[in-house]
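The values are calculated or read from the model by the stated rules, or taken from the named source; none is laboratory data. Just so it is clear, the model here is predicted, and its values are computed rather than measured. Here the Cβ positions follow ideal geometry from the backbone for every residue, glycine too, while neighbour counts run over all protein chains shown.
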Amino acid sequence: MIELRNISLGFGERRLITSATTRFECGKITALLGRNGTGKSTLLRTIASLQRPLDGEVFVGGDSTATLSSQELSRRLSFVNTERVDVEALSVYEIVSIGRSPYTDWMGRLDNEDEAMVRRSIALAGVEHLTNRYVDTLSDGECQRVMIARALAQDTPAILLDEPTSFLDLPNRYELCRLLRELAHNENKCIIFSTHELDIALSLSDSIALVDTPQLVHLATDEMIHSGNIERLFNSDFVGFDPVTRSIKLK
Amino acid sequence: MQRRLHITLFTLLTVLLIVAAFGDLLLGTTHISIDEVWAVLVGESTNANYIKIVSDLRLPKIIVAILSGVALSVSGLQMQTLFRNPLAGPYVLGINSGASLGVALFTLAMPMFGVAQGSLLMRLGLTGVAWIGSAAILTLIMALSRKIKNINVILIIGMMLGSAISAIVGVLQYLGSEESLKAFVVWTMGSLSTVTRGDIAIFAPAVVLGLVLSVVAIKPLNMLLLGENNARTIGLNVGRSRLILFLSTTLLAGSVTAFCGPIGFIGLAMPHLARLTFRTADHRVLVPASMLLGALSMVLCSLVADCVAHSSVVLPVNTITALLGVPIIIFVVVRNRHRQ
């Protein structure tokens, strides 16, 4: 579904990732891991065509994003970022409706099919009870789910999420990631999410993309655990990764 | 349920607007009875003096009040959504400073440099120079907008430009003669009654064109509620939308400033009042709601000015819009903070 060909990312002289080539398939959920400032968000933003790579091409659904219009791309790929939408008098139903924009007419009117899709997305994301609430009255966790419902309403085969679990408490983190996993497996979506939650990533995702500056290593989760890359990247004087228990421990 | 609330509100506001506009026709320094006013409106009046007052003075003034109220509110709404800032208004891009620079150069600097009466520059008039000033600022902002991706940077540049231009205007005021200074100050206070029927022939089409663009921008505005990045990933061409919104706002707010002077607070307050009463963020509702509220509030301001007016003294409309607008803005801000 998503294919990177020789992608190089960075700002000016500073290279974050050089010549990354890999594929992300439908029906799979991938966790994007890496230390702070290694280019996880930059990679996601580049795939979403919010910025250009220094070099290389991104293919979404077989076409290079450089040749797709923003509307064409918006029917193939949706993006949930960390920005909190805090608008007065904007209801959850309205937000999710705006997700239908790639398909609606010039006024943004919903037809029956659109409305059915909005309802279904709200239900899939588990926020039916919030349908008539205003967004500025929601908690961070509720808001995150609403933004996922919005991405689902966009009805794209690929969904990218930038640190969807930040600001959430522990049960909510697992709950949210389980939802993403179900969406990938049951709805046949290609989902990539960046995160710092090593244990969640390892227990719930099908594959791991690891930013090992300046390379991007993308392996199936089990292979990644035994590759030694995670220990090398996340070990410090104080903490270490234990491949057997798949968790980080204090030394 | 919300739909019914909206229909009720739209009907109520339309009725209020018609009543207020008709009330404003009755009021003025000359007393004219309802029957006489009606006779003029339906073309059955024989009193030449009344015909002149109603159709040449009062009617144009009400039309100007409605047009400027509509224009300022819609452009205020656009800027608040585009900049995601509740304190943004029609003048946030510095359109009014551009216009005031034009007017200051016209009223203050040109007499200083001895530009002759009746020359080409003089014939442009206050309106012309104010328009050119607004358009110049817009061109500058749009050029910057192509290079600068972050909308908040554009907001800051717009405000800084405004301050810099105010300083230049201050210098001109300091240097200008007393007589020309008065002409400038009178312009800054805003007036609905200086617009003639001939002016309306230019003013109205400019506003209508701005409104057409604002209707085209309804879907982009709804998408922009989620922020520019999200708007992009749901398929919005952000550059083109900015262009449409900047053009629309310059046509709307620029024309009002050119013809009536800078009229404050309406453009800032009415979109808030629209969100507050209609309880929605959907621009398909907010655009017409702001239009109605803007028109109604300007007609009311004009009505208040007429009530207060004795003999020949007419209050500058800017003072009334501030007295009406400021409490609304404070109420909205306090209410929002309170709820969080």
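Structural remarks
- For segment B:190-207, a residue qualifies if it is assigned to a helix (DSSP H, G or I) and small (Gly, Ala, Ser), and the qualifying residues are B:Gly198, B:Ala201, B:Ala204, B:Ala206.
- Selected residue (criterion: surrounded by the most Cβ atoms within 10 Å (Cβ to Cβ)) from residues of segment A:125-145 that are within 11 Å of another protein chain (Cβ to nearest Cβ) and in contact (Cβ under 8 Å) with a residue 24 or more places away in the chain: A:Val135
- Residues that are more than 18 Å from A:Ala89 (Cα to Cα), among the hydrophobic types (A, V, I, L, M, F, W, C) and outside any helix (DSSP H, G or I), drawn from segment A:128-171: A:Ala158, A:Ile159, A:Leu160, A:Leu161, A:Phe167, A:Leu168
- Restricting the first member to segment B:71-88 and to residues that are within 13 Å of another protein chain (Cβ to nearest Cβ), and the second to residues that are in a helix (DSSP H, G or I) and small (Gly, Ala, Ser), the beta-carbon pairs closer than 7 Å and six or more apart or on different chains are B:Leu77/B:Ser290.
- From B:Ala281, B:Ala295, B:Ala269, B:Ala231, residue being assigned to a helix (DSSP H, G or I) and out of contact with any Pro (no Cβ under 9 Å at 6 or more places or on another chain): B:Ala295
- Complete set of residues in segment B:75-96 that are of a type outside the set (Phe, Trp, Tyr) and within 20 Å of B:Val238 (Cβ to Cβ): B:Ser75, B:Leu77, B:Gln78, B:Met79, B:Gln80, B:Thr81, B:Leu82, B:Arg84, B:Asn85, B:Ala88, B:Val92, B:Leu93
- All positions within segment A:70-100 that are among the polar types (S, T, N, Q) and closer than 15 Å to B:Asn229 by Cα: A:Ser70, A:Gln71, A:Ser74, A:Ser78, A:Asn81, A:Thr82
- Filtered by the rule that a residue be without any contact (Cβ under 8 Å) to a residue 40 or more places away in the chain and surrounded by 15 or more Cβ atoms within 10 Å (Cβ to Cβ), segment A:20-44 gives a lone residue, A:Thr42.
- Criterion (crowded, with 21+ Cβ neighbours inside 10 Å, within 14 Å of chain A (Cβ to nearest Cβ) and farther than 25 Å from B:Leu16 by Cβ) met by exactly one of B:Asn222, B:Asn237, B:Asn229: B:Asn222
- Filter pass, B:Lys182 being farther than 20 Å from B:Ile95 by Cβ and either in contact with a Ser or Thr (Cβ under 6 Å, 6 or more places away or on another chain) or within 14 Å of chain A (Cβ to nearest Cβ) (or both): no
- Output for segment B:42-66, where each listed residue is more than 16 Å from B:His31 (Cα to Cα) and touching a residue at least 40 places away in the same chain (Cβ under 8 Å): B:Pro60, B:Lys61, B:Ile62, B:Ile63, B:Val64, B:Ala65, B:Ile66
- Test: residue in segment A:108-124 that is among the acidic types (Asp, Glu), within 12 Å of chain B (Cβ to nearest Cβ) and farther than 28 Å from B:His272 by Cβ: no
- Taking the criterion of being surrounded by 15 or more Cβ atoms within 10 Å (Cβ to Cβ) and within 10 Å of chain B (Cβ to nearest Cβ), the residues of segment A:94-107 that qualify are A:Glu94, A:Ile95, A:Ser97, A:Ile98, A:Gly99, A:Arg100, A:Ser101, A:Pro102, A:Tyr103, A:Thr104.
- The set of residues in segment A:180-193 that are surrounded by fewer than 16 Cβ atoms within 10 Å (Cβ to Cβ) and assigned to a helix (DSSP H, G or I) comprises A:Glu182, A:His185, A:Asn186.
- Verdict on B:Leu286 being within 14 Å of chain A (Cβ to nearest Cβ) and in a helix (DSSP H, G or I): yes
- First in segment B:22-33 and among the small types (Gly, Ala, Ser), second anywhere and modelled with pLDDT of 85 or more and surrounded by fewer than 17 Cβ atoms within 10 Å (Cβ to Cβ), Cβ under 9 Å, 6 or more apart: B:Gly28/B:Leu57
- A count restricted to segment A:72-93 and to residues that are facing another protein chain (nearest Cβ under 7 Å) and not small (Gly, Ala, Ser) stands at 7.
Okay, residues lined up against (1) in contact with a Ser or Thr (Cβ under 8 Å, 6 or more places away or on another chain); (2) within 23 Å of A:Met1 (Cα to Cα):
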{"residue": "A:Leu179", "(1), (2)": "no, yes"}
{"residue": "A:Ala201", "(1), (2)": "yes, yes"}
{"residue": "A:Thr221", "(1), (2)": "yes, yes"}
{"residue": "A:Met224", "(1), (2)": "yes, yes"}
{"residue": "A:Leu233", "(1), (2)": "no, no"}
{"residue": "A:Ser236", "(1), (2)": "no, no"}
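- Selection status of A:Ala153, over 22 Å from the mean Cα position of the chain (by Cα) and modelled with pLDDT of 95 or more: no
- Boolean, A:Thr156 is surrounded by fewer than 18 Cβ atoms within 10 Å (Cβ to Cβ) and within 14 Å of another protein chain (Cβ to nearest Cβ): no
- Hits in segment A:56-71 - residues which are within 10 Å of chain B (Cβ to nearest Cβ) and either in contact (Cβ under 8 Å) with a residue 60 or more places away in the chain or not in a loop (DSSP other than H, G, I, E, B) (or both): A:Ser70, A:Gln71
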